[in-house]
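Novice: Can you keep this structure in mind? I'll have questions shortly.
The values are calculated or read from the model by the stated rules, or taken from the named source; none is laboratory data. Remember, it's a predicted structure, so these values are computed and weren't measured experimentally. We place every Cβ from the backbone using ideal geometry, glycine too, and count neighbours over all the protein chains shown. Calculation scope for accessible area: heavy atoms of the full protein, side chains included, ligands and nucleic acids excluded. Shrake-Rupley method; radii C 1.70, N 1.55, O 1.52, S 1.80 Å.
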Amino acid sequence: MKTTQPNNEQARNRRGVLVIFIFVILIIATFIISMNTGYTRLTPIQVLKTLFGAGDAKQSLILFDFRLPRIVISILVGVGLAVSGCILQGLSRNALADPGILGINAGAGLMVMLFISFFPSTTAAPIFLLPFLALFGAGLTAALIYTLSFKRHEGISPIRLLLVGIAVAAGISAVTIVLTLRLDPENYQFVANWMAGSIWGSNWKFVLALLPWIVVLLPYVIMK
């Protein structure tokens, strides 16, 4: 028994390292393929030349202004979603838990919806303010779910946490639907795209709005 448990743990660690290595290779391969493919195809030689400043103006525009920001932000979003799901599954001890099911995403979307509803124009809405608003809404929702799920002398039950999260998410979704009725078409389209998630039209400003959160919070999460 004493020798089997460490061996099993070492085997799990090796499998974990192997899985991470495979996914890193897949991400790198996808990154390279995404730079080459699109409406206007760039050959690998053209991509290399453009990366080192030897490409023409059209190739530089396609690679640096269109493709690279969308590729980078896709990776950052994937990292954020994966880590947040892992955190909630670990804390709740429930494999079904994720920010969407527990209603945390709905709380973030509601805060953005409130901002857009009472802000005069979406074109003036600062892109760097939306993540703070979403984080604030998500934090309030998480605190509400935690408070409703907590039971004295028992603490937090994973099943109760999940059920309360689903109920809160349904309530917030209902409020969000009501708010959408007072939006004009332009603002509604902006909110719908923001809540559904899209990398269309992404540029380096979007990357800079998201990158600090990943760089600061990801090492903190791993440390904890």
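Novice: Provide, as a two-decimal number, the C-alpha radius of gyration of the chain over 2.2 N^0.38 Å, N being how many residues it has.
Specialist: Dividing the Cα Rg of the chain by 2.2 N^0.38 Å gives 1.25.
Novice: I want to verify a result. In a Gaussian network model of the chain, Cα cutoff 10 Å, which of these has the top mean-square fluctuation: Ile73, Ile104, Ile45?
Specialist: Evaluated over the chain, the most mobile residue of the options is Ile45.
Novice: Another question, then. What's log10 of I(q)/I(0) for region 1-99 at q = 0.11, 0.18, 0.22 Å⁻¹, Debye sum over Cα points only, no solvent?
Specialist: Values, matching the q order: -0.55, -0.93, -1.12.
Novice: Here's another thing I want to ask about it. Taking the Cα centre of region 35-96 as origin, sum charge times position over the Cβ atoms of Lys and Arg (+1) and Asp and Glu (-1), and report the length of that vector in debye to the nearest 20.
Specialist: 100
Novice: Now for a separate question. Using a 10 angstrom cutoff on alpha carbons, build the Gaussian network for the chain and name the most mobile of Leu135, Leu18, Leu81.
Specialist: With Cα springs under 10 Å in the chain, the top fluctuation among Leu135, Leu18, Leu81 is at Leu18.
Novice: Alpha carbons only, please: Rg and Dmax for region 175-224, in angstrom.
Specialist: That works out to 15.7, 45 Å for Rg and Dmax.
Novice: How much length is gained on full extension from Leu148 to Ile199, taking 0.36 nm per residue of separation minus their Cα-Cα distance?
Specialist: 14.8 nm
Novice: Can you pull out the trypsin sites (Lys or Arg not before Pro) in region 7-112 whose DSSP state is coil and whose Cβ has at most 14 other Cβ atoms within 10 Å?
Specialist: In loop regions of region 7-112 (DSSP not H, G, I, E or B), the sparsely surrounded trypsin sites (Lys or Arg not before Pro) are Arg41, Arg93.
Novice: Share of region 14-106's accessible area from carbon and sulfur, percent, 1.4 Å?
Specialist: That share works out to 75 percent.
Novice: Further question on the same structure: Alpha carbon centre of region 7-78 versus region 139-184: separation in Å?
Specialist: Computed from Cα coordinates, the inter-centre distance equals 37 Å.
Novice: Which value, in nm² and rounded to one decimal, describes the direction-averaged projected area of the C-alpha convex hull of region 120-224?
Specialist: 9.0
Novice: A further question follows. Between Ala174 and Val215, 0.36 nm times their residue separation minus their Cα-Cα distance comes to what?
Specialist: 11.3 nm
Novice: Label Ala57 and Phe132 with points 7 Å out from Cα along Cα→Cβ: what is the distance between them in nm?
Specialist: About 3.8 nm, to one decimal.
Novice: Taking Lys205 as the anchor, which aspartates and glutamates have their alpha carbon closer than 15 Å to its alpha carbon, excluding any fewer than eight residues away along the same chain?
Specialist: Excluding near neighbours in sequence, the set is Asp65.
Novice: Still on this model: Averaged per residue, what accessible area in Å² does the chain show with a 1.4 Å probe, protein chains only?
Specialist: Heavy-atom accessible area per residue stands at 66 Å².
Novice: Something else about it: How much of Ser198 can a 1.4 Å solvent probe reach, expressed as accessible area in Å² and rounded to 10?
Specialist: Its heavy atoms expose roughly 70 Å² to the probe.
Novice: Ignoring ligands and nucleic acids, what accessible area does Phe64 show with a 1.4 Å probe (Å², nearest 10)?
Specialist: Around 70 Å² of this residue is reachable by solvent.
Novice: Let me ask another. Under a point-charge model restricted to the Cβ atoms of Lys and Arg (+1) and Asp and Glu (-1), what is the dipole moment magnitude of region 85-224 relative to its Cα centre, in debye to the nearest 20?
Specialist: 400
Novice: On the full set of protein chains, 1.4 Å probe, figure out the accessible area of Tyr146 and give it in Å² to the nearest 10.
Specialist: So the heavy atoms of Tyr146 present about 130 Å² to solvent.
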